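**Student:** Please see the structure below; I have some questions.
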Amino acid sequence: NMTIGVGHLIKDSEPHLYYATLKIHEIQHLLKRDLKPCETFLKTKVGTPLNQPQFDALMSVCFNIGLDNFRDSEIVRHLNKGRIQKAGDAILNWNKPSILEVRRQQERKLFLSKI
């Protein structure tokens with residue numbers, strides 16, 4: 001699968017993007033559109049109140065692993081049971097390929113930074 005911009009996965013309905021050169025505002029538009037489902041999910045399906053660093057870390061994880069994976073994740077199960085530390089630790093489970101280990105550690109650190 002090919003991507004463009006900031007990790008936008010090019011869909012079959014977007015063949016025009018395969019060889020496109022995007023302007024900054026077009027990249028920002030794609031990113032905002034791609035992030036919206038994660039934002040909506042966090043605001044409507046996570047019952048535990050989140051501070052800004054937690055929200056930001058979870059947006060990063062959700063965008064990277066995809067909403068379907070995020071929705072069904074141990075992260076969300078722990079969050080909805082109010083187990084913040086365990087939710088943060090569960091972020092580290094999404095470390096494949098190994099190049100993602102540092103990213104997940106950074107997201108976990110951000111998520112747990114103000115508790």
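**Student:** Those residues that are in a helix (DSSP H, G or I), of a type outside the set (S, T, Y) and in contact with a helix residue (DSSP H, G or I) (Cβ under 9 Å, 6 or more places away or on another chain), I need them from the range 50-64; list them, please. Spell out the reasoning first.
**Tutor:** Step one: filter the range 50-64 for residues in a helix (DSSP H, G or I), giving 52-64.
Next, only the ones that are of a type outside the set (S, T, Y) stay: 52-59, 61-64.
Scanning the range 50-64 gives P53, Q54, F55, D56, A57, L58, M59, V61, C62, F63, N64.
**Student:** What is the residue count in the range 53-71 for residues that are over 8 Å from the mean Cα position of the chain (by Cα) and either closer than 17 Å to T3 by Cβ or in contact (Cβ under 8 Å) with a residue 60 or more places away in the chain (or both)?
**Tutor:** Here the count works out to 3.
**Student:** Name the pairs: first residue in the range 80-98 and among the aromatic types (F, W, Y), second residue open to solvent by less than 70 Å² (accessible area, probe 1.4 Å) and in a helix (DSSP H, G or I), Cβ to Cβ under 7 Å, at least 6 apart or on different chains?
**Tutor:** What qualifies is W94/V61; W94/I65; W94/L100; W94/R104.
**Student:** A follow-up question, please. For the range 24-49, which residues satisfy the criterion of being open to solvent by less than 40 Å² (accessible area, probe 1.4 Å) and either at pLDDT below 95 or not in a helix (DSSP H, G or I) (or both)?
**Tutor:** Listed by number, the residues that qualify are V46, T48.
**Student:** Determine whether the range 2-9 contains at least one residue that is exposed (fewer than 12 other Cβ atoms within 10 Å of the Cβ), touching a residue at least 12 places away in the same chain (Cβ under 8 Å) and part of a loop (DSSP other than H, G, I, E, B).
**Tutor:** The answer is yes, given that some residue of the range 2-9 is exposed (fewer than 12 other Cβ atoms within 10 Å of the Cβ), touching a residue at least 12 places away in the same chain (Cβ under 8 Å) and part of a loop (DSSP other than H, G, I, E, B).
**Student:** Would the range 10-18 turn up any residue that is outside any helix (DSSP H, G or I), aromatic (F, W, Y) and open to solvent by 90 Å² or more (accessible area, probe 1.4 Å)?
**Tutor:** Within the range 10-18, none of the residues are outside any helix (DSSP H, G or I), aromatic (F, W, Y) and open to solvent by 90 Å² or more (accessible area, probe 1.4 Å).
**Student:** Based on what the data block shows, is C62 open to solvent by less than 20 Å² (accessible area, probe 1.4 Å), more than 20 Å from E101 (Cα to Cα) and not acidic (D, E)?
**Tutor:** no
**Student:** Let me spell it out: the conditions are (1) under 21 Å from F111 (Cβ atoms); (2) surrounded by 17 or more Cβ atoms within 10 Å (Cβ to Cβ), and D56 meets all of them except one. Which number is the exception?
**Tutor:** Here D56 meets the rest and fails (2).
**Student:** Collect the residues in the range 87-103 that are charged (D, E, K, R) and either more than 13 Å from Q54 (Cα to Cα) or modelled with pLDDT under 95 (or both), keeping them in residue-number order.
**Tutor:** If the condition is that a residue be charged (D, E, K, R) and either more than 13 Å from Q54 (Cα to Cα) or modelled with pLDDT under 95 (or both), then K96, E101, R103 are the ones that fit.
The values are calculated or read from the model by the stated rules, or taken from the named source; none is laboratory data. Please read all numbers here as calculations on a predicted model, not as lab measurements. Ideal geometry is used to build each Cβ from the backbone, glycine not excepted, and the neighbour counts take in all protein chains shown. Surface areas here come from the heavy atoms of the whole protein model, side chains and all, with no ligands, DNA or RNA. Shrake-Rupley method; radii C 1.70, N 1.55, O 1.52, S 1.80 Å.
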